[in-house]
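Below is one structure, written out as structure tokens; comments come after it.
Every number in this text was worked out from the coordinates using simple rules, so none of it is lab data. Keep in mind the model is a prediction, meaning the values are calculated, not measured. Don't worry about glycine lacking a Cβ; one is built from the backbone with ideal geometry, like all the others, and counts go over all protein chains shown.
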Amino acid sequence: MSPGKPIDPDVVALTFNYYREEKFKKASVARRIKKSYSWVCDVLRDYDPETKERKVTKPRGRPRINTPEQDEDILSFVRADRELSGVKISAELGLDHRTLLRRLRENRVRRSKAISNGLTPSHMEIE
């Protein structure tokens, strides 16, 4: 069951019919409709038995630490100083460097690598 992919309401109705009315176990329902056990569990949890529509459920997983305003601050800081590395930026903002990279990826911000200092005249001397 893909997160955004709609499921045929007839299959949802059939799943609820086998499970609730005919008292089949979840594994038996899965075999009868040729779906996986976890798919059946997800349908029984996420769909309303009367309307056969997906319930609005609370997102699973750990809640986000940063607010949208903090995310905007991160993006503006990154755009303002392109020469800082990701580790330095995350230390400056007081967050984990993986969080910084995740926020940049979510907002499709591509950063170039930190620019190293150019060669000095003493480096360019050929002996």
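To make sure I understand, if each residue's beta carbon is the centre and we count other beta carbons within 10 Å, what order do L119, L95 fall in, fewest to most?
Final ranking by Cβ density, sparse to dense: L119, L95.
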Checklist entry - In the Gaussian network model of the chain, springs joining C-alpha atoms below 10 Å, which of I74, I65, I33 carries the largest mean-square fluctuation? => result I33
Checklist outcome for this item: Most exposed to least, judged by fewest other Cβ atoms within 10 Å, D48, D10, D71 sort to D10, D48, D71
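As a test of the formula, what do you get for the chain when each DSSP H run with n ≥ 4 contributes -39,500 (n - 2.57) and the sum is divided by the residue count, at 222 nm and rounded to the nearest 500 deg cm²/dmol? Walk me through the numbers on the way to the answer.
Details: 7 runs with 61 residues, N = 127.
Estimated from H runs of four or more residues: -13500 deg cm²/dmol.
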Checklist entry - Amide H neighbours of Y47 under 5 Å, counting only residues 5+ apart in sequence or on other chains, H built in-plane at 1.01 Å? => result K55
Next on the checklist: Students often forget the sequence filter, so: which lysines lie under 30 Å Cα-Cα from K55 once same-chain residues fewer than 8 apart are removed?
Outcome noted: K5, K23, K25, K26, K34, K35
Next on the checklist: Suppose we look only past 17 Å in the calculated P(r) of the chain. What percent of the Cα-Cα pairs does that tail hold?
Outcome noted: 70 percent
Checklist entry - Dividing the convex hull volume of the alpha carbon atoms of region 1-59 by its residue count, what do you get in Å³ per residue? => result 81 Å³
Item to check | Crossing angle, helix 68-80 versus the chain [Cα axis fit, 0-90 degrees, rounded to tens] | outcome: 30 degrees
Checklist outcome for this item: For the chain, the longest principal axis of the Cα atoms and the Cα long axis of helix 37-46 enclose an angle in degrees, to the nearest 10, of 90 degrees
